Amino acid sequence: MIQLPCPWCGPRNVAEFRYSGEVTPRPDPATATPEQWRDYLYIRRNPSGWVDETWYHGTGCRRFIRVSRHTVSNEARPAVRTGTTAPVDVTSTDSGAPDAGGAR
Amino acid sequence: MTDQSVRAHPTATSSHRLQAQPGEVIDRTRSLRFTWNGRTFPAHPGDSIVSALAAGGERIFSRSFKYHRPRGILSADYHDPGTILQVDDEPNVRAAHRPVTDGIAVSSQNTWPSLRYDVKAANQLVGRFLAPGFYYKTFIKPERLWPAYEKVLARFAHAGRISPDTPHGYYDKRYAHPDVLVAGGGPAGMSAALAAARAGAGVLLVEEEHQLGGHLRRGGPDELAVLAELRAAVAAEPGIEVLTNSVALARYDDNWVPVVQRGLPGIPERLVKARVGTLVVAPGLIERPYVFAGNDVPGVMLSTAVRRLINLYAVRPGERAVVLTANAEGDAAAQDLRRAGVDVAAVVDARRGEDVVRVHGRSGVRAVELADGRKIEADLLVTATGWTAPTSLLNQSGARPVYLPRAARFTPGDGLPDEVMVAGGIAGDGDLDRLRTHAEAVGAEAARRAVVRRHAKLTAVPTRAGEAPAAPDGQPVAIPELGFDAHPELFRGRTHGMVDFSEDVSSKDIHSAVREGYDSVELLKRYTTVTMGPAQGKLETVNAVAVLAEATGSTIAETGTTVWRPMYTPPTLGALAGRIFEPVRHSPMQPAHDRLGAAPLVAGQWIRPDHYGDPAAEVRAVREAVGIIDVTPIGKLDLRGPDIPELLNLLYVNKWSKLEIGRVRYGVMCAEDGVVFDDGVTGRLADDHYLMSTTSSGAGAVWEWVENWLQTEHSPESATPWKVHVTPVTTAYASINVAGPRSRELMGRLVSGVDLSDEAFGYMNVRTGRVAGVDDCVLWRIGFTGELSYEVHVPAGYGLHVWEALLEHGRDLGVRPFGVEAQRILRLEKGHFIVGQDTDGLTKAYGAGLDPLVKLDKPDFVGKPELAWQHEHGAPSRLVGLQLVDGAVVPPEASQIVAARSDSGAYIGSGSAIRGRVTSSRMSPTLNRSVCLAQLDADLAEPGTTVTVRLPDGRHLPARVTEHHAHVDPAGERLRADAGVQVGPARDCGTPAARTALAPTGELPATVDGSGSLRITDAGPLAKVLVRAPHDGAIAAAIGVRFGRAARDADGALVVGSGPGEWLVLGGADGRDELVARLERLTDQPGEFASVVDLTHGRALLRLHGAATAAALAKVCAIDLSDDVTPNGAALRTSVAKVVTDVVRDDADGVPGYLLHCERSSGRYLFDALLDAGAEFGMDLDAHPMTTS
Ligand SMILES: [Zn+2]
């Protein structure tokens, strides 16, 4: 079982979190076309590589967090607290998080 | 062996037992007895089953898988393929590993009628049917014979017998967080563990054998001296925890290593789930068999097996031996044999090009034919032809093994991550000193890396006391290079023989598979099943690759090898299942349901009364008099804050801006795709205080959904911040629905402070007041059943009191408890849909018939764009009321609706197309006919349309779409009924007594004996108040406790930083009101949004105290509870036995203690799980609940 670096609780087993999917901005429902709305509902990048995801730490701090995770290695960069305006920094490779896996 | 001979020789003797050996592991001062295929054998403690049998002269232990050839000892250890036996009820026991215990009955498997006269050995004569790939070739056609094939195949399998009466063992589980885990307790493993521990690491040392020592155990005086020294050093090192008879099964991402621990008293197997800082892989080397004709005849043994038999068990493995040796181990085996009095007839030295050609004999070695033409009479052939590196854990860490021809074995290869290291023979060769020096360097470096990781973890967790410590500054430890010694490449000799002893795959089979085109190692493996038996390739992989290389004319390096997947050795399914943690939830009224004989219904985690014997009578009581139902599982969310109307407008499809205080409204939530997600009523209790109800099953999801919006789109930092706090209070209230025409009369006898008249408290209103002497009850006037009804939410500790008062004071009114089944009938009669029952994952709001509710003129709500689209294009299907023309028939739910015709009788659409389904159906006791709800294609949904319902028995019955969803009282007159009866006054219902979750009737089970190392106390009576405020503002500063920590304030209350911007304050049982008032004053800061919610009734709280608390919690909790990560004063939320639990470390008098705190309804389950986890340490139960914090 991998661990996720909760920015509030520290590293925890992934079973404590619920996956909430790729970070997908909600279009303005007043102006979105049906196509734009359905892209928001159903279309994901699903890359082989780094992806920004939302996870819910339901068995911990009960915060929604943003995790930048590599879908091949499962390496996770230090996560970001949602609600803050700080963007997920996908360029940093200086992973200080324990058990983040390191470059493989 | 015939019956006659059993009688003639009732007990075998240890005729092959040697004089005492210096390294022997048997205790000759004590004797045991056991039976082998009905015959009694002696043994000593320390004997394996196989060593005791070998001491008694036994040579044949099983029949091989396909050809039923007799098989004896090969490796004399856990992996020995020929010695897998049945022990009592337990099949597939590795008998060369399992110690003898007194009185066990051991028998062979896969033999009929007996080990020596096996009729299936005739398969050797019909081997052509069992050629490689026979599974794929022989049993193909005709298909109707597949069941027969299965029976044939089953008889060939190794499987032992499982008795359905076998009692369930206690299979245990625990978590561990070692800095360093050393897999393998030989000299290298012990040296690495010692060096790691001395460098400050906590070490888990895991050894497969019953003692530490590895190959030293079978060695001579020099090795035994080193062994004694290392064992003493390990025993003296407090930083090392040793697990013997245990195996590191696998290595998963982030160094997650499952370890199976066997043979604990009363525990067949325990799975240790270890999150490891640095994994040191030191399994040593496994000796490889040699492939030649007759290499599986009993009496052909590996040199390590012979040395184990002689040196560990003092068993003479034969009388006259030939030794084929290519290395020092073989030379040592020859010496050991001579010392044991075995006549070593020839030593065949492969390093000089000498070789063995074949073995003569069928049930045992008779003679050995050498390459020089000699044929030597012997009953034992010992081979020492090389080693296999068990790179399992390395493969799983990302390394690809590399073949080194000079050393004739695979080496670990590159690709290991930083957190996995290797030591010992798997890493390279050298004398003992050199390997120990190397391992010590590896251990020290493993510790250094682990300390860096531990520091990073300490920095990341909020539970540590004070600031994070300074970063460790240790320099990397230089690890000396180990070389690889030259070893002749010996795999197959001049004849063909067995490659896979478990699966009966010979080198000839591999050659023929290659001729058929299966010439890659992965294909070959699957086609021939080579390496797929119980040994899982540990003995046979390299030989299989070598024979494949030989057959394809390539090199071993070109051929490659298969990758070892988990598990390294097979754990039992029991070990993988571990303790079964299946949380259940109970309402506070459960003792009453038990007493009333309720039939339990499992609904999600909840145990609910399905009925009390007669659901139809319960329905009639509600329609004609009054009934009460326990609806505690209904989700309840306490909402506080000025922006609640914004939130409700967003989440519900209908409008919420103008809900007055004292009013409730029904609402439906959809997901962003417009699909119906949940429904319920929400009432406004005060200006900025609402109570939202959800479906029972949707309670958790709706809470998370609300939090999602409040934490992301409308978080305090967003452009549109909303000031709303949501707190789940589902189990803070015991909820009772009082329904029926006489419900107002009954309520009047209990309620004070609320005018129950229709004018004062009309339909869809909410009031708070006193019920049966209990204050702070919330009363909704709503009507899921279609009758006049009140939903009473009582502070949960008083739930049982109010329930019993309702039954007592309603007796003359005809009150009856009713269960979920009656409620389902009542709501179906009334046509109320249930989300998930009458809707599915595609049902959008219009499809559920919610047209009047959906307000597309709202600027935004969740799912609006999809609903606008559906409104424009029409819903493909609709929810309708449906009645079969023959009202005596109840169509099973999910019955298909296949064809339809109009009133004129003309069919609409094709006759066999599925056009819908029955979603709910019951016999209505009120109407005396069946009633249904159904999903129907929109073109058939018009009232009056006749459709055809196809029953599972094939009957097609006509049914009619009804005017309304409601079958009973569609106008809704009953639930507004005002019988005009005299209401009240309230009667005296006695002084209510509050109960805790752990003691719902006021009594705890008495299990106190005062001797345990653990004490558990019910802290349920304590006041529990939840405070919410910005996590970094003035209020947070005034509270003075940060997230992750707990401390007592000046008034003695324990303040727990339970979440970011969330504090749980625990105070004395009698000071609740003052505590709430004090916290309200504390949080009254200008400019900050805060809330204070009393959860005293909503939570279960218990205290665990004693030296063994961390050890007991490690069985149910995956968190590292060590003193640096989780010191005194640490507070965290995690899973305990699968229940979301707040854990607060709260030591007393220097003895570790923890407060555990969860939702009230899970409290009793958590309590039971902790009793189970603590049992092995001795558990005392305090008779008196805690009343001060
Ligand atoms: Zn967290």
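Looking at the protein assembly as shown only, what percent of DSSP beta bridges run antiparallel? Nearest 5 please.
80
In whole angstrom, how far apart do the alpha carbon centroids of region B:819-878 and region B:916-943 sit?
After rounding, the separation between the Cα centres reads 16 Å.
Quick one: net charge around B:PRO412, please, counting Lys, Arg +1 and Asp, Glu -1 for every other residue with C-beta under 14 Å from its C-beta. Present the calculation step by step, with values, prior to reporting the outcome.
On the way: positive: B:ARG251, B:ARG400, B:ARG409; negative: B:ASP414, B:ASP429, B:GLU481.
It works out to a net charge of 0.
Only four residue types carry charge here, +1 at the Cβ of Lys and Arg and -1 at the Cβ of Asp and Glu. Report the dipole size of chain B about the Cα centre in Debye, rounded to the nearest 20.
In debye, rounded to 20, chain B gives about 3420.
If you take the charge dipole of chain B about its Cα centre, with +1 on Lys and Arg Cβ and -1 on Asp and Glu Cβ, which of B:ALA1029, B:THR962, B:ALA1131 is farthest toward its positive end?
B:THR962
Which order do the peptides B:265-277, B:759-771, B:226-238 come out in when sorted by mean C-beta neighbours inside 10 angstrom, highest first?
Those peptides, ordered most packed to least, come out B:265-277, B:759-771, B:226-238.
Taking the C-alpha atoms of region B:1015-1182, how large are the radius of gyration and the largest Cα-Cα span, Dmax, in Å?
15.8, 53
Between beta-carbons, use under 13 Å as the cut-off and find the net charge around B:ALA486, counting Lys and Arg +1, Asp and Glu -1.
On the way: positive: B:ARG351, B:ARG406, B:ARG409; negative: B:ASP429, B:ASP485, B:GLU489.
Charge balance in the 13 Å sphere: 0.
For the protein assembly as shown, which whole-number percentage of the solvent-accessible area (1.4 Å probe, protein heavy atoms only) is attributable to carbon and sulfur atoms? Walk me through the intermediate numbers first.
Numbers: 25990 of 50150 Å².
Of all accessible area on the protein assembly as shown, carbon and sulfur atoms account for 52 percent.
Provide the per residue accessible area, probe 1.4 Å, for the protein assembly as shown, rounded to a whole number of square angstrom.
In whole numbers, the protein assembly as shown has 39 Å² accessible per residue.
For a quick protection proxy, order the peptides B:73-81, B:986-994, B:861-869 by their average other-Cβ count within 10 Å, most packed first.
B:73-81, B:861-869, B:986-994
Set Lys and Arg Cβ to +1 and Asp and Glu Cβ to -1, take the dipole of chain B about its Cα centre, and tell me which of B:MET421, B:TRP705, B:LEU650 lies farthest positive.
Of the options given, the answer is B:MET421.
How many partner chain Cβ atoms sit within 10 Å of a residue's Cβ in peptide A:23-31, on average, as a whole number?
Mean shielding count: 3.
What whole-number volume per residue, in cubic angstrom, does the convex hull of the C-alpha atoms of the protein assembly as shown give? If you can, show how the numbers build up before the last one.
Numbers: hull volume 277.9 nm³, N = 1293.
Cα convex hull per residue, to the nearest whole number: 215 Å³.
Ordered by packing density, taken as the mean number of other Cβ atoms within 10 Å over each peptide's residues, highest first, how do B:561-569, B:588-596, B:620-628 rank?
Ranked by mean Cβ neighbours within 10 Å, highest first: B:620-628, B:588-596, B:561-569.
Just tell me which lysines come within less than 23 Å, Cα to Cα, of B:LYS525; anything on the same chain fewer than 8 places away is out.
B:LYS66, B:LYS137, B:LYS508, B:LYS538
Quick one: dipole size for region B:269-368, taken about the Cα centre, charges +1 on Lys/Arg Cβ and -1 on Asp/Glu Cβ, in debye to the nearest 20.
340
Counting pairs of Cα atoms in chain B, how many percent are more than 56 Å apart?
Value for chain B (Cα pairs over 56 Å): 37 percent.
Which FRET efficiency, nearest 0.05, do B:TRP869 and B:GLU717 yield, Cβ-Cβ r, R0 35 Å?
0.60
Within region B:428-509, which GluC sites (Glu not before Pro) sit in a loop by DSSP and count at most 12 neighbouring Cβ atoms inside 10 Å?
Values: sites: B:GLU440, B:GLU445, B:GLU467, B:GLU481, B:GLU489, B:GLU503; in loops: B:GLU467, B:GLU481, B:GLU489, B:GLU503.
Here the GluC sites (Glu not before Pro) that fit, given the DSSP loop and packing criteria, are B:GLU467, B:GLU481.
Antiparallel as a % of all DSSP beta bridges within chain B, to the nearest 5?
Just about 80 percent of them are antiparallel.
Restrict the search to region B:337-388; then list the GluC sites (Glu not before Pro) that DSSP places in a loop and that have at most 13 other Cβ atoms within 10 Å of their Cβ.
none
Given a Förster distance of 41 angstrom, what is the FRET efficiency for B:LEU576 paired with B:SER554, based on the Cβ-Cβ distance and rounded to 0.05?
Calculated value: 0.60.
If you take each beta carbon of peptide A:52-61 and count the beta carbons of other chains within 10 angstrom, what is the mean?
Going residue by residue through A:52-61 and averaging, the value is 4.
Calculate, in nm to one decimal, what B:LEU432 and B:TYR666 gain on full extension: separation in residues at 0.36 nm each, minus their alpha carbon distance. Could you put the intermediate results ahead of the total?
Values: separation 234, 0.36 × 234 = 84.24 nm, distance 7.85 nm.
Result for the pair: 76.4 nm of gain on full extension.
Averaged across the residues of A:32-38, what count of C-beta atoms belonging to other chains lies within 10 Å of each residue's C-beta?
3
Report the percentage of all Cα-Cα pairs in region B:864-970 whose separation exceeds 18 Å, rounded to a whole percent.
Pairs farther apart than 18 Å: 46 percent.
Using a 1.4 Å probe and counting only protein heavy atoms, how much accessible surface gets buried when B and A come together, both sides summed, in Å² to the nearest 100?
Approximately 3700 Å², summed over both chains.
Could you work out the local net charge near B:CYS777, counting Lys and Arg as +1, Asp and Glu as -1, over the other residues with Cβ closer than 11 Å to its Cβ? Before the final figure, lay out the partial values.
Values: positive: B:ARG767, B:ARG770; negative: B:ASP775, B:ASP776, B:GLU791.
Summing Lys/Arg as +1 and Asp/Glu as -1 gives -1.
Throw me the Rg/Rh for region B:635-729, computed over C-alpha atoms with Kirkwood Rh, two decimals.
Reported Rg/Rh, Kirkwood definition of Rh: 0.93.
Karplus couplings for region B:211-216 from phi (6.51 cos²θ - 1.76 cosθ + 1.60, θ = phi - 60°), rounded to Hz, Gly and Pro as x?
With coefficients 6.51, -1.76 and 1.60, one gets 9, 5, x, x, 6, 4 Hz.
Evaluate the charge dipole of region A:3-81 about its Cα centre and quote only its size in Debye, nearest 20, assuming +1 on the Cβ of each Lys and Arg and -1 on the Cβ of each Asp and Glu.
I would put it at about 280 debye.
The values are calculated or read from the model by the stated rules, or taken from the named source; none is laboratory data. Quick caveat: nothing in here was measured; it's all calculated off a predicted structure. All Cβ positions, glycine included, derive from the backbone under ideal geometry; neighbour counts span all protein chains shown. Areas reflect the complete protein model, heavy atoms only, side chains present, ligands, DNA and RNA absent. Shrake-Rupley method; radii C 1.70, N 1.55, O 1.52, S 1.80 Å.
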